[in-house]
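Below you'll find the structure, written out as structure tokens, and then a few comments.
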Amino acid sequence: MPTRVIIAGAAGRDFHNFNVFFREKPQFEVVAFTATQIPNIIGRKYPAAITGDLYPAGIPIESEEDLPRLVRDHSVDVVVFSYSDVRHEHVMHVGSIAMAAGADYWLLGPRHTMLESRVPVVAVCASRTGAGKSPSSRRVAAVLQSMGKRPVVVRHPMPYGDLAKQAVQRFESLDDLDHHDVTIEEREEYEGHLRKNRIVYAGVDYERILRSAESEGDVVVWDGGNNDFPFYKPDVMIVVVDALRPEDALRYHPGETTVRMADVVVISKVDTATDEQVAAATATVSALNPDAPVVRAAIPISVEGSNDIRGRRVLVIEDGPTLTHGGMAYGAGWLAARDHGAAEIVDPRPYAVGSMKDVFAANPHLGPVLPAMGYGRQQTNELAATVAAAPADLVLVATPIDLSLVIKADKPFLRVRYELEEIGEPTIQDLLRSRLSL
């Protein structure tokens, strides 16, 4: 009899682990995925178009809340934990539930899940969501371009739509974002690269994605999600640690793993952190990975039309995952509103519409800011309705995208921008040049 398996995930790492480790092995039978964190995925199936010959009916995606029942009902032998950005104790709470129901409990590591590329891979990962990984990825890609290379960006999965259609997604222009009907979260990760003429791949089947990406560039930039480790074996692994939250590298899974694996560590936000916080981040990195060179970096904030903020009632929209998965109360938008003299930062919570109310209820740590949530058209419309209802003179948008292309409002939008800048030496270019022999 095959070993019966449940993969506990969140529509990303779980699918990859299945594809590369379980899909073609008859000695295992994956009876279900469980899901958490991500909306609109429970009750669907991982489709037969991707699951392969051993799973002609696909695989059901159930709620993680039903894990004890699923283990018992399906006589499950093993539960495989396969998602990220959770406290270490959370990993073992799920393990305790699985073991109490009678199953073994596994974590799959890099050796069994990383794919090898025919071209160099530079991976950009983080100790925690919101550390500055996205601007770091953009910086790495820009440095490679300045060195005469053709980087192709492969983004950690965010498959929220039709999984079969999303198996391999290729983005070359902003029009491709509309063609693939991407969410706001996906736009936040792709748009900055596309505006700099970089091809971006994402999807579900990351071996097929890699083979396509290899044919279009001479370096693959793995743009990591949450605090996960890469799906591809990196030639250089860069990990971003947030100077404002240095302790997170010790407390979150698999962020600690990524820091321990790093070839290079970027300590970000040194321009907004205190000297004590930077020293604490440096000490944490040294304890986990004493041989990794450290790049210190700022993420300065700039605002188009900043003079319009002073004395106005401002609604702040922040990058969604930074606030939800990342656990931060506010981000660059709130700082910009404060620093540029807003008369009031309007609290959006009393004006939240539909699922936006649920977002605030699930994230009580949030300050008076609006996460840029948009998992599907309905939630995007509810985000727009919340913006319309809030009594603000203007909207300060601190997502990495032009949100006015996605939602319409009767208020002016000002964009907050933030990019990574190295402080002192070594620089990212120095380290890439030496480690890739460029």
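The values are calculated or read from the model by the stated rules, or taken from the named source; none is laboratory data. Quick caveat: nothing in here was measured; it's all calculated off a predicted structure. Using ideal geometry, Cβ is built from the backbone for each residue, glycine included, and neighbour counts are taken over all protein chains shown. Protein only, heavy atoms only, side chains kept; ligands, DNA and RNA dropped before computing areas. Shrake-Rupley method; radii C 1.70, N 1.55, O 1.52, S 1.80 Å.
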Correct option for semi-axes √(5λ) of the Cα gyration tensor in Å [calculated from the coordinates] among (1) 33, 27, 22; (2) 101, 28, 16; (3) 33, 30, 20: (1)
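With a 1.4 Å probe and all protein chains left in place, how much accessible area per residue does the range 219-338 have, in Å²? It would help to have the intermediate numbers written out before the result.
Details: 4070 Å² over 120 residues.
I get 34 Å² per residue for this part.
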Sequence ranges 245-255, 205-215, ranked by mean other-Cβ count within 10 angstrom, highest first: 245-255, 205-215
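Using Cα pairs under 8 angstrom and six or more residues apart, how large is the relative contact order of the range 276-394, in percent? Could you put the intermediate results ahead of the total?
On the way: 154 pairs, mean separation 35.6, N = 119.
Relative contact order here is 30 percent.
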Whole angstrom only: what separates the Cα centroid of the range 49-87 from the Cα centroid of the range 342-392? 33
For the chain, what is the mean residue ellipticity at 222 nm derived from helices alone (per DSSP H run of n ≥ 4: -39500 (n - 2.57); sum divided by total residues; nearest 500 deg cm²/dmol)? -8500 deg cm²/dmol
For the chain, with only Lys/Arg (+1) and Asp/Glu (-1) charged at the beta-carbon, what is the dipole magnitude about the Cα centre, in debye rounded to 20? 260
Would you pull out the residues with amide H under 5 Å of K233's amide H, same chain only if 5 or more places away, H placed 1.01 Å from N? L115, E116, S117
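Given a cut-off of 31 Å, name the pairs among K196/K233; K233/K269; K233/K408; K165/K196; K165/K269 whose C-alpha atoms lie farther apart than that in the structure shown.
Working: K196/K233 25 Å; K233/K269 28 Å; K233/K408 42 Å; K165/K196 26 Å; K165/K269 38 Å.
Pairs exceeding the cut-off: K233/K408; K165/K269.
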Let me have the relative contact order for the range 189-313, percent, based on Cα pairs under 8 Å that are six or more residues apart. 20
Dividing the alpha-carbon radius of gyration of the range 17-79 by 2.2 N^0.38 Å (N being the number of residues), what value is obtained? 1.10
The range 104-203 - Rg over Rh from alpha carbon coordinates, Kirkwood radius: 0.98
Return the sequence-ordered ³J(HN,Hα) values of the range 114-130 in whole Hz as given by the Karplus equation 6.51 cos²θ - 1.76 cosθ + 1.60 applied to θ = phi - 60°, using x for Gly and Pro. 8, 8, 9, 9, 7, 10, x, 10, 10, 9, 10, 10, 8, 7, 6, 4, x
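Explain nothing, just the number: relative contact order of the chain, from Cα pairs under 8 Å at least 6 residues apart, as a whole percent. Could the numbers behind the result be given before it?
Details: 982 pairs, mean separation 66.5, N = 438.
Worked out over the chain, it gives 15 percent.
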Among 162-171, 108-117, the order from most to least packed when residues are scored by Cβ within 10 Å on average: 162-171, 108-117
Checked the range 219-361 against the a/c 1.5 cut and the a/b vs b/c comparison, axes a ≥ b ≥ c from its Cα gyration tensor; verdict prolate
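Compute, for the range 2-107, the length of the dipole vector about the Cα centre, with Cβ point charges of +1 (Lys, Arg) and -1 (Asp, Glu) only. Units Debye, rounded to 20. Show your work: numbers first, answer last.
Numbers: 9 positive and 13 negative charges, 28 e Å.
The calculated dipole for the range 2-107 is roughly 140 debye.
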Positive-end extreme of charge dipole, the chain - chosen from A98, G217, L370 (charges on Cβ): G217
For the peptides 45-52, 9-16, 327-334, what is the packing order when you average, over each peptide's residues, the other Cβ atoms within 10 Å and list the highest mean first? 9-16, 327-334, 45-52
Förster-model FRET efficiency, 25 Å R0, S437 and D291, C-beta, rounded to 0.05: 0.80
FRET E, pair S96, R377, Förster distance 41 Å, beta-carbon r, rounded to 0.05: 0.60
Between S302 and R195, what FRET efficiency follows from the Cβ-Cβ distance if R0 is 25 Å, with the result rounded to 0.05? 0.95
Take L54 and S212, extend 7 Å from each Cα along the Cα→Cβ direction, and tell me the distance between the two endpoints in nm. 2.5
